[in-house]
1. How big is the dipole moment of the chain about its Cα centre under a simple scheme where the beta carbon of each Lys and Arg is +1, that of each Asp and Glu is -1, and everything else is neutral? Debye, nearest 20, please.
2. If you take the charge dipole of the chain about its Cα centre, with +1 on Lys and Arg Cβ and -1 on Asp and Glu Cβ, which of GLY453, ASN185, PHE481 is farthest toward its positive end?
3. From the residues THR386, SER408, ASN51, which one has its Cα farthest along the dipole of the chain in the positive direction, the dipole being from +1 and -1 charges on Cβ of Lys/Arg and Asp/Glu about the Cα centre?
4. For segment 317-375, what is one quarter of the convex hull surface built on the Cα atoms, given in nm²?
5. Per residue, what volume in Å³ does the Cα convex hull of segment 217-291 take up?
6. Given the rule -39500 (n - 2.57) for each run of at least 4 DSSP H residues, summed and divided by the residues of the chain, what is its mean residue ellipticity at 222 nm, to the nearest 500 deg cm²/dmol?
7. For THR390, what charge total do you get from the other residues with a beta carbon under 15 Å from its beta carbon, if Lys and Arg give +1 and Asp and Glu give -1?
8. Roughly how big is segment 323-462's charge dipole about its Cα centre, with Cβ charges of +1 (Lys, Arg) and -1 (Asp, Glu), in debye to the nearest 20?
Amino acid sequence: MPEQTPEARILELTNKLNYLNYQYYQNSVSEVSDYEFDQMLLELQKLEEENPQFRSDNSPTQRVGGTITKHFPTVKHKYPMLSLSNTYSEDEVREFDTRVRKVTGDYVEYICELKFDGVAMSLTYTNGALTAGVTRGDGTRGDDITPNVRTIRTVPLHLQGEDVPAEVEVRGEVFMPFHVFEELNKEREEIGEALMANPRNATSGTLKLQDSKEVARRRLSMYAYGLLSTPTLFESHSQSLEALQRWGLNVSSSWRKCSTIEEVMAFIHEWETKRFELPIATDGIVVKVNSYAQQEELGYTAKSPRWAMAYKYKAMEAVTELLGIEYNVGRTGAVTPVALMKPVLLAGTTVKRASLHNANEIERLGLMVHDFVTVEKGGEIIPKVTAVKTELRPANAEPIVYPSVCPSCGTALIRHEGEANHYCPNEKGCPPQVKGKLEHFISRKAMNILSLGEGKIELLVEQGLVTSPDHLYDLTYDTLFGLKKTFVNEETGITRVVTFQKTTVENILKALEKSKEAPFDRVLFALGIRFVGNTVAQKLAQYFRNIDALRAATEEELIAVPEIGGRIAASVREYFQDLSNVHLIERLRFHGLQLDLGEIAIIEPASDKLAGLTFVVSGVFAGYSREELQDTIIANGGKIVSSISKKLSYLVAGEKMGPSKLEKATSLGVKIVTEDEFNKMLA
Ligand code: IVH
């Protein structure tokens, strides 16, 4: 690389980091790994220290992070939200300890915590009630997003306890658990929406949504890790953590008091791999001096406290060769490029495939076949390609030519304006789309015909028995009985035989019959209209009541429905303009599926049989969705609470309920009832 003057390099890094910050905070896009970002920031910090005359006012090192979003009111933080100085080096953690001890003397205690990878949050409680939830913004001013914060289940709306002060500020991290992130992305994939990059971006994007209902649906959570008040209420950070926990905040139990730097190191090492067992993303650990008096003594730099430091784990990454690209076609026809790589060991698993999202991503990375690429694994299941090692590019590197026709059926691909994905328009004839649509139709949230899962649809499609959902209802005992297929797992070589024997066939026919009772909104969702996920399907069904009214609706009428935008409206119109879809609906009607929601149900208290009782509902139920069961409890005078405590009257336990809940309820002596027992309580 040619020598650059410090001035030019400072300018280059400033611009680059400002741009990346903007992309990250405003557009929820992270173009580089955290490690690369931090390395650039460190380089800039060092250059600025050596050449203070070139430091600009808008240098990313002068700011704590983020920019302010326009849509929510901006408020000034009572206590600025600082950041932590961080390091990837164990030696620097030891140096931190030495610096601390120079000021505090030899007696010092540390609190080690996990560094949760989400979005920093400030909560204000006034007389015990949550009065504000504010993002960090630029550290001095943040966005007041209280309505969205209120939807986070682990943020108490009222603090509990005798010693709750008149005003207190709680600091913590809002995050999206991995399983929620994966479920939401799966849903987005099903309706042809762009996927969210990682749980942290999903969290920051979600917190900025205007619609707090949608925020609630995204099931964010929060861990509290700090307490601020004037005057200070406690003598140490650990006492604050205990108080937060007592008052009802969600404090991760992973924190530990350490009195020597060796204990701190042991904590760092212990969590290096153990953190991957957690249901949420963490990217390091935070070491904090426990005593507030000592914290005061140590003080602050302009950006961060001198009494704390973050040690960040290096992202698990590996370099390997890109062998080629596979193009997968999904249910909606969206084409997803997948990187096929020379197998490489990464965080204990062999990785050979990674999603590349779309053509833009390939272009952004500047990827060529036979390139050496960096593959990174966060906590998410799917690894990602984060960079190309251009300096290692071999002579035989080949440019990637994005296909112009469908890799499965050969139809010319199309790209809608403003969208990143290519689509195969051959909805009715493209095999993966046909199969995908049927799989969607039978899925749990749609028609719930799970006895047709696990390869059975594939078999029916291959046999030419079914190409459209209505064909399922033509199936008879005689056509199904005796069908057989052997599946071979390419990786393990293990074979699995699917045979349609008496019980299997009877179960399938029974499930098909039962699915005719599924309400209209589920049928509508099952049709798989692009952009019509289950929430949208519910809204449309409730508004139009039946399929004929929905079909007759103009685009204007569709847009008039709360929360239905132009994109959904156009997609619904397009669906009904296709006569083969109209034909499908008529065939489903003929088979007796519910295409009408019936009279408007007025929910009124059904009884007061459950008055004075509190309930926690957990697991999966045969006769109710979880929401329906909760509504039934409320309609009969009962109250739903979010967590299991001694005071809880009943835990209604469904199938597949988490063992930890069951254990907690049992240990606290809470009464546990099954769905049947609950029904008897109402009878
Ligand atoms: S203490 C003075 N504790 O890491 C700063 N921060 O740069 C006090 N974070 O975005 C922060 N886990 O939101 C603290 N256990 C933890 C944390 C934590 C995650 C985040 C924080 C901020 C960043 C610090």
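Please treat every number below as a calculation from the coordinates, not as lab data. Bear in mind that the values here come from a model prediction, so they are computed numbers and not experimental data. Ideal geometry is used to build each Cβ from the backbone, glycine not excepted, and the neighbour counts take in all protein chains shown.
1. 1140 debye
2. Farthest towards the positive pole: PHE481.
3. SER408
4. 4.1 nm²
5. So the per-residue Cα hull volume is 114 Å³.
6. Mean residue ellipticity, 222 nm, calculated: -10500 deg cm²/dmol.
7. Counting the neighbours of THR390, the net charge comes to -3.
8. 300 debye
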